[in-house]
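Data first, discussion second: the structure below is written as structure tokens.
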Amino acid sequence: MAGGDVARTPKQVWAQWMAANDEGDPYRADLLAAEMTRVAPDSFFAWFEAGLHAKARRNWHQSADWSGRAMVLFGEDQAKEFDGANPAAWNLGIAATAVGDWATARRAWTAYGIDGMADVSGPIELDYGQVPIRLNPDRPSLSLQVVPEFGTTEVVWCWRRSPAHAVVANVPLPESGHRFRDVLLHDGEPKGGRRLGDRDVSVFDELEKLQDSGLPTWQAQVEGATREDTDALGDVAGGRGLGVDDWSGINLMCSDCSHGIPGPEHAHPPASGGVATLGMAGQEEDLRVTLREWLSTRPNVRLLDLQLLG
């Protein structure tokens, strides 16, 4: 037992677990989370809160075990409280995705109410469209949460492949510690929003980098390129599995604005002329071939520099 040999009541354990969280004591909180499941083995909330704690600590196997038990204990009373959606199933889906247990992930998403998961097997690689994800989140969502700390915070657009993982579609700044086509585990709680065409879409926080793409990040300086020119380069590069972003148009925001829905004052399109800074991703020879092809049809555009950043 976390507090001695004498069994305590669930209320006592809960009080001490809350105190450990308030005091920022992850080791004691770990022990008390496990004790909650022993003193209240039939309680949905005991297993759910333990699974949520393990999620915060990025202990994915433990989170899967505890969340899986909570999912089974989800009953009519809990369904009324959570409007029919089983939050333990969502956390199980995240944890199973983190460890690559696709069968369990499919079972969890199905239990949550997501269609099309149960009748197929293997890794989940669907097309859920584009989603903005906050790399290296600057505001933890949960008590004692261990957040990714690869570098500076940045919101990037990603191709969402399941309810909990996505592939980076932008070329992140090297300071973020991420690369084009990295695979990310992300949370499901909206943390601000961004505009995608004529609609607002939710920003989700990164929980884990599941796979580093290994693709080098480059910086190109080009002169005389318009938005149409850089868009055309992006189309050519994208067809070859390469990344291109106009870093000249990056929007720098304070944390409060980043966690909200930025207004027009945060829209800073690059100038139509002058020197533009492009972020690029891929192998050098592939990028140079692509740039030569692009420049061959644009006599007014000139490549000034192509520099490897990492």
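Hey, S141 hits all of (1) in a helix (DSSP H, G or I); (2) over 14 Å from A164 (Cα atoms) but one; which does it fall short on?
(1)
Could you grab me the full set of residues in the stretch 93-129 that are more than 16 Å from the chain's Cα centre (by Cα) and in a helix (DSSP H, G or I)?
W102, A103, T104, A105, R106, R107, A108, W109, T110, A111, Y112
Mind telling me which of the residues G68, G84 ends up being in a helix (DSSP H, G or I) and either within 21 Å of E189 (Cα to Cα) or at pLDDT below 95 (or both)? Give the derivation first.
Values: G84 fails: in a helix (DSSP H, G or I).
Of G68, G84, the one residue that is in a helix (DSSP H, G or I) and either within 21 Å of E189 (Cα to Cα) or at pLDDT below 95 (or both) is G68.
List pairs: first residue in the stretch 157-180 and closer than 18 Å to R194 by Cα, second residue surrounded by fewer than 19 Cβ atoms within 10 Å (Cβ to Cβ) and among the hydroxyl-bearing types (S, T, Y) anywhere in the structure, Cβ distance under 7 angstrom, at least six positions apart or on different chains.
Between residues of the stretch 157-180 that are closer than 18 Å to R194 by Cα and residues that are surrounded by fewer than 19 Cβ atoms within 10 Å (Cβ to Cβ) and among the hydroxyl-bearing types (S, T, Y), the close pairs are R160/Y128.
Of all residues in the stretch 203-227, count the ones that are surrounded by fewer than 15 Cβ atoms within 10 Å (Cβ to Cβ) and modelled with pLDDT of 95 or more.
Restricting attention to the stretch 203-227, the residues satisfying the condition of being surrounded by fewer than 15 Cβ atoms within 10 Å (Cβ to Cβ) are 211-212, 214, 223, 227.
Subset that is modelled with pLDDT of 95 or more: 211-212, 214, 223.
Selection size over the stretch 203-227: 4.
Can you pull out the residues in the stretch 69-86 that are surrounded by fewer than 22 Cβ atoms within 10 Å (Cβ to Cβ), in contact (Cβ under 8 Å) with a residue 24 or more places away in the chain and closer than 18 Å to R107 by Cα? Steps first, answer last, please.
Here is the first cut: in the stretch 69-86, the ones surrounded by fewer than 22 Cβ atoms within 10 Å (Cβ to Cβ) are 69, 72-85.
Filter once more, keeping what is in contact (Cβ under 8 Å) with a residue 24 or more places away in the chain: 69, 73-75, 78, 84-85.
If the condition is that a residue be surrounded by fewer than 22 Cβ atoms within 10 Å (Cβ to Cβ), in contact (Cβ under 8 Å) with a residue 24 or more places away in the chain and closer than 18 Å to R107 by Cα, then R69, L73, F74, G75, G84, A85 are the ones that fit.
Pairs under 6 Å by beta carbon, first residue in a helix (DSSP H, G or I) in the stretch 19-44, partner among the hydroxyl-bearing types (S, T, Y), six or more apart or different chains?
N21/S143
With (1) over 23 Å from V146 (Cβ atoms); (2) out of contact with any Ser or Thr (no Cβ under 9 Å at 6 or more places or on another chain) as the list, and D65 as the residue in question, which single condition is left unmet?
(1)
Test A56 against the criterion of being in contact with a Leu (Cβ under 6 Å, 6 or more places away or on another chain), closer than 20 Å to L207 by Cα and outside the structural domain of G188 (by TED's automatic domain parsing), and give yes or no. Steps first, answer last, please.
Working: in contact with a Leu (Cβ under 6 Å, 6 or more places away or on another chain): yes; closer than 20 Å to L207 by Cα: yes; outside the structural domain of G188 (by TED's automatic domain parsing): yes.
Taking the combined requirement at face value, the residue satisfies it.
The values are calculated or read from the model by the stated rules, or taken from the named source; none is laboratory data. Note that the structure is a prediction, hence the values are computed from the model and not measured. Heads up, the Cβs are rebuilt from the backbone with ideal geometry, glycines too, and the neighbour counts pull from every protein chain shown.
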